[in-house]
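Where a number appears in this text, it was derived from the coordinates with a stated rule and is not lab data. Quick caveat, the model's predicted, so the values are computed rather than measured. Cβ placement follows ideal geometry from the backbone for every residue including glycine, while neighbour counts extend to all protein chains displayed.
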Amino acid sequence: MNHAELYLTATRLTFVEHLRNRLAMALIAVFIPTWISLAYFVFENRPVPFRLQATGEVLHPPGNEFTQIAGAVNALTLIVGFMMFAATFTSGTFDRRLAMAGYPRVHLLLAKLTALTLVSAAVAVYATAVTCVFWSPRRLLLFTAALLCASLTYGGFGILFGSLLRREVEGMFAIVMTSCLDVGLQNPVHSSGANGDLVQYLPCYGALQAGTAVGFSAASVPTCFARQLAWFLCAITAGLMVFRRSTRRLPPPSRTGFLRRRPRGVPRPTPPVPAAPPDPAAAPGAD
Amino acid sequence: MGQDLLNVSDVHHAYGPRPVLRGIDLTLRPGTLVGIVGENGAGKTTLLKILAEELRPQRGRVRYGGRFGYCPQHLVLNDALTVRQHLEYFRAAFGLGDLDHAEEIMDVLGLTSYSRERVSVLSGGTKQKLNLTLALMHDPVLLLLDEPYQGFDWETYQRFWDMAARLRRRGRSVLIVSHLAYDAERLDELRHLDGGLLHPETPAPL
């Protein structure tokens, strides 16, 4: 079986796995439009000050429309993070069995990455379409790209948490709390520190900056995307490294080199015993 | 090592301060059926994980005379995929040209009619049949089986032993780990894992 077949088999079956995650499918279908619609109707349309870090310009988008962007980022990061976490967590031992049976891990990793990219692209397009029901972002393609980058980043977190954490609830909690803090702290509607310096270190800062800039202005956004892509690369690299480590054959002993200790209960190795001289009485033919 | 399919020498392992294996030596020649029994917590699964390269022993060496198949004690399957999709995945993993051998095993175990079923809807015994099929489908020379017949009905249990006997006739070696020595008379050798060491036992009907 050649590389293309190995990659295509892993990608196809990874997709099957995602598509059979009914909760995730239901969340995509219901949660995204609900969140975006509620944000539009529940929040006031009074302008809120939002500082673009790249230019220093302060925009004043309507509060409800800005909250729609923040809500879309929140919904997408939660869903994609959950999907990747669930797939990685539930199939962790299965992936290891596959790898030990000879499936090249690089193909399994590429399949995960492909699934993450396509799922993220699909939900980003969907969320953009729902947003367009209420208002039209000025640069639609870049708006979708901003949502895509946020989803990709949290997909990386999902793979990382799924490979690292031992209990399902831990991973779910980690994703929910990270996303809520991340997006909540950047929303000037309910955070007085949204335009402060600290928020620029949050994982979705680049995506929210880019989404707002391309939604309401003609401001240049490459630095926002670069910042978000850097977060994505860090998250996905960490996630894939942990996945690679958890699926490898024969983990080495925890301590190596001069720090390595003999475990308690294991006897000290004995030096080889020299062979005893042959007993003439036992020789064949001896009486 | 000669023609041996498995050669284990002086394997030690401990979990923290608690030693589990204190110097395991074991050799499997082609065409042998070997059983290892022991009480709960005796270290049977630890030993099999070491033999299956899932765990590195803290001391000792394991050498193989060919490719092995490993059926873990716990089901290692993907609930979202069907039986057929599992076979496709592992066909690619093992680099097999077709699924003929896998289908023969499925026939013997009575799994064929579940090909299109998703694993999440299968019974425990049927899942175990798939778990076992995945270990056997590449026709390994050495089989490492950890409690392989858990959940099997009587008929499947009998078929399992028929299949093990056929494998033995074809020169394959099978190592079965179990907590009870059922069907000891079917084995060529029976070892008792106790105190971290393997002790020989004479196979006799219980």
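Data overview
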read-out: Nearby aspartates and glutamates by direct alpha-carbon distance to A:Lys112 (threshold 18 angstrom, same-chain neighbours under 8 apart not counted); value: A:Glu5, A:Glu17, A:Asp95, B:Asp79, B:Glu88
read-out: Taking B:Arg186, A:Arg245 and counting other C-beta atoms within 10 Å, the order from fewest to most; value: A:Arg245, B:Arg186
read-out: Charge context of A:Thr67, other residues only, Cβ under 14 angstrom, K/R +1, D/E -1; value: -1
read-out: Magnitude of the charge dipole, region A:70-195, Cβ model with Lys/Arg +1 and Asp/Glu -1, debye to 20; value: 260
read-out: Calculated from backbone phi, Karplus (6.51, -1.76, 1.60) coupling profile of region A:27-32 in Hz, x at Gly/Pro; value: 5, 4, 5, 9, 5, 4
read-out: Residue order, fewest to most surrounding Cβ atoms within 10 angstrom, among A:Cys234, B:Cys71; value: A:Cys234, B:Cys71
read-out: Vicinal HN-Hα couplings computed from phi for region A:93-105 (Karplus, 6.51 cos²θ - 1.76 cosθ + 1.60; Hz; Gly/Pro x); value: 6, 5, 4, 5, 4, 4, 4, 6, 6, x, 6, x, 5
read-out: Phi to ³J(HN,Hα) by Karplus 6.51 cos²θ - 1.76 cosθ + 1.60 over region B:3-16, Hz, x for Gly, Pro; value: 8, 4, 8, 8, 9, 10, 9, 6, 7, 10, 7, 9, 9, x
read-out: At 0.890 mPa s and 25 °C, Stokes D of region B:6-201 from Kirkwood alpha-carbon radius, µm² per second; value: 143
read-out: Isotropically averaged projected area of region B:2-74, using the convex hull of Cα atoms (one quarter of hull area), nm²; value: 5.2
read-out: Choice from B:Gly60, B:Gly171, B:Gly41 showing the highest fluctuation, given a GNM over chain B with Cα pairs closer than 10 Å; value: B:Gly41
read-out: Value of [θ]222 nm, deg cm²/dmol, for chain A, DSSP H segments ≥ 4, -39500 (n - 2.57) each, nearest 500; value: -21000 deg cm²/dmol
read-out: Residue order, fewest to most surrounding Cβ atoms within 10 angstrom, among A:Glu17, B:Glu88; value: B:Glu88, A:Glu17
read-out: Other-chain or far-sequence residues with amide H under 5 Å of B:Asp194's (modelled H); value: B:His199
read-out: Positive dipole terminus of the protein assembly as shown, leading residue within A:Phe66, B:Val11, B:Ala135 (C-beta point charges); value: A:Phe66
read-out: Share of pairwise Cα separations in chain A, more than 32 Å, in percent; value: 38
